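Report on one structure; see the data block that follows.
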Amino acid sequence: MKHAVIMAGGKGTRLASITRGEVPKPMVPVLGKPLLWYQTQQLKRYGFTRITMVVGYLREKIREYFGDGSRFGLTIDYIEEKEPLGTAGAFSLLREKVPEPCFLLVFGDLVFDFDMNRMEKVFLDRDADVLLIAHPNAHPFDSDLLKTAPDGRVTAFDSKHNVRNYWYDNCVNAGIYFLKREMLSLVPAPVKTDFEKDLLAPMVERGGRIYAYCSPEYVKDVGTVERIRAAEQDLLRGLPGRKNLEKKQRAVFLDRDGVINRLNGFVKRPEEFELLPGVSRALGLLNSSEYLSIVATNQPVVARGEADFSDLDEIFRKMKTLLGREGVYVDDVFFCPHHPDRGFPGERPELKIDCDCRKPKTGMLLRAAEKYNIDLAASWVIGDATTDIECGRRGGCHTCLVRTGLAGTDGKYDAAPEIIAEDLPDAVRKILGRP
Ligand SMILES: [Zn+2]
């Protein structure tokens, strides 16, 4: 049996104009139904029919509505907090309620629709102690962020109170976790405990197996009236369901150099990376569309020995920081570090291979398609080189050449783009404007 725990003790101070002190935050009406109702429906859909709710403020309102869950085809029980214990203070009490070796933990102020089977598989494959959903947001500069290794392992929690005089990833904890039952033993008695600060952060420092599951699916905190109204609009147009990775997704694959940033020879250091004008506006349009925005770029500088992987990571972090300052993001980054021709001083022979990912080969498109269930035939490749257009053609995507960067003058392939645009904003406008 699958077991979920919902932290439903919130008061919802910022929702007072809707709740009027009569219902707790998790019962706030969303299109006429309590927020918790949406959560339980999603959980049930994926077989999480045993649910424990940790309740506090106005808990009788929650118990009155859900009872033992039988009315909804669920088995629901409760832990009552007489005083608020923070996000993990009830862990010791949960030990008696959760017999299963692992469970799903959800915060009660979220609207979500994500493929729980897909996430559970990653949790099991990684043999993680904790797997948490992470995603970019529109204000990373004042958010708590996660630092992760390339395999997704969380290496640090970066508090929003830190002075960030460095480039950072736009990677935010969304408030949904798979975790092993053993985690509950970390809180021996009911005392006020913060899950992230008091449990996860020290675990990361001890080398615990905490992983981020980066997902573009719909997981939104609706702790303010404005966010509730936005979520209602999204639900009315069916957006959360369409973003679920069970459904085929559409993507715009973006080349980097000459499309996102000024072509400056090869970019080998963060100082050489400079956004082109209008790029954040273009990404803003993509972020509010239903296309994923995915960078797919050849970076032979690594194979040629001109930069190493950490330089490359730092350049991408600069890109994400600059975009984040403008309130926009890319959903993922794929790069090919290989190069087939030998003969550069300082080159790295192990990367001097004829790989399957260097554009115009389609390895990066195929990996992204697998990871996010993307329909390549409904997706676009935008680039400044004929190599990009040829890659898109081979991948079965729509193609768009921009007149920035190389503007197609590389002349390596005789591939005709479907659209020619002045720059990235023009390209995005044209793509989104198509029927
Ligand atoms: Zn490659």
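The values are calculated or read from the model by the stated rules, or taken from the named source; none is laboratory data. Here the structure is a predicted model, which means the values were calculated and not measured. When we count neighbours, we look across all protein chains shown, and the Cβ atoms used for this are built from the backbone with ideal geometry, even at glycine. Please note that ligands, DNA and RNA were not included when accessible areas were found on the heavy atoms of the full protein model with its side chains. Shrake-Rupley method; radii C 1.70, N 1.55, O 1.52, S 1.80 Å.
Of Val302, Val267, Val279, Val259, all but one fail to be among the β-branched types (Val, Ile, Thr) and within 16 Å of the ligand (Cβ to nearest atom); the exception is Val302.
Applying the criterion of being buried (at least 20 other Cβ atoms within 10 Å of the Cβ) and within 16 Å of the ligand (Cβ to nearest atom) to the residues of the range 391-409, the residue that is farthest from Gly278 (Cα to Cα) is Gly395. For the range 377-385, the count of residues that are among the β-branched types (Val, Ile, Thr), closer than 19 Å to Ile260 by Cβ and either surrounded by fewer than 17 Cβ atoms within 10 Å (Cβ to Cβ) or out of contact with any Cys (no Cβ under 6 Å at 6 or more places or on another chain) (or both) is zero. When each of Lys160, Lys121, Lys147 is tested for being without any contact (Cβ under 8 Å) to a residue 40 or more places away in the chain and assigned to a helix (DSSP H, G or I), the lone residue that passes is Lys121. Summed over the range 274-318, the residues that are of a type in the set (A, V, I, L, M), without any contact (Cβ under 8 Å) to a residue 40 or more places away in the chain and in contact with a strand residue (DSSP E or B) (Cβ under 9 Å, 6 or more places away or on another chain) give a count of 1. Just one of the numbered conditions (1) modelled with pLDDT under 95; (2) hydrophobic (A, V, I, L, M, F, W, C); (3) open to solvent by less than 40 Å² (accessible area, probe 1.4 Å) is not true of Leu131: (1). A single entry from Ala307, Ala303 fulfils the requirement of being more than 30 Å from Gln41 (Cα to Cα) and either touching a His at 6+ places or on another chain (Cβ under 8 Å) or not in a loop (DSSP other than H, G, I, E, B) (or both): Ala303. When Asp388, Asp356 are checked against the criterion of being touching a Ser or Thr at 6+ places or on another chain (Cβ under 9 Å), open to solvent by 20 Å² or more (accessible area, probe 1.4 Å) and within 16 Å of the ligand (Cβ to nearest atom), a single residue qualifies: Asp356. Is it the case that Ala421 is buried (at least 18 other Cβ atoms within 10 Å of the Cβ) and over 23 Å from Cys214 (Cβ atoms)? Criteria met by Ala421. Among the criteria (1) in the same structural domain as His135 (by TED's automatic domain parsing); (2) surrounded by 19 or more Cβ atoms within 10 Å (Cβ to Cβ); (3) among the aliphatic types (A, V, I, L, M); (4) within 25 Å of Glu314 (Cβ to Cβ), the one Ala282 does not fulfil is (1).
Would it be correct to say that Arg317 is surrounded by fewer than 17 Cβ atoms within 10 Å (Cβ to Cβ) and modelled with pLDDT of 95 or more?
Details: surrounded by fewer than 17 Cβ atoms within 10 Å (Cβ to Cβ): no; modelled with pLDDT of 95 or more: yes.
No; evaluated as a whole, the condition is false for this residue.
For the range 367-382, name all the residues that are more than 16 Å from Leu286 (Cα to Cα) and more than 12 Å from the ligand (Cβ to nearest atom).
Step one: of the range 367-382, the residues more than 16 Å from Leu286 (Cα to Cα) are 367-373, 375-377.
Across the range 367-382, the qualifying residues are Ala368, Ala369, Glu370, Lys371, Tyr372, Asn373, Asp375, Leu376, Ala377.
Residues of the range 163-176 that are touching a residue at least 60 places away in the same chain (Cβ under 8 Å) and surrounded by 21 or more Cβ atoms within 10 Å (Cβ to Cβ): Asp169, Asn170, Ala174, Gly175, Ile176.
Of the residues in the range 47-77, how many are over 22 Å from Val222 (Cα atoms) and buried (at least 17 other Cβ atoms within 10 Å of the Cβ)? Residues meeting the conditions: 7. Filtering the range 313-353 to residues that are closer than 30 Å to Gly284 by Cβ and within 13 Å of the ligand (Cβ to nearest atom) leaves Phe334, Phe335, Cys336, Pro337.
Within the range 91-106, the residues that satisfy the criterion of being open to solvent by 10 Å² or more (accessible area, probe 1.4 Å) and either β-branched (Val, Ile, Thr) or within 18 Å of Leu131 (Cα to Cα) (or both) are Glu100, Pro101, Cys102.
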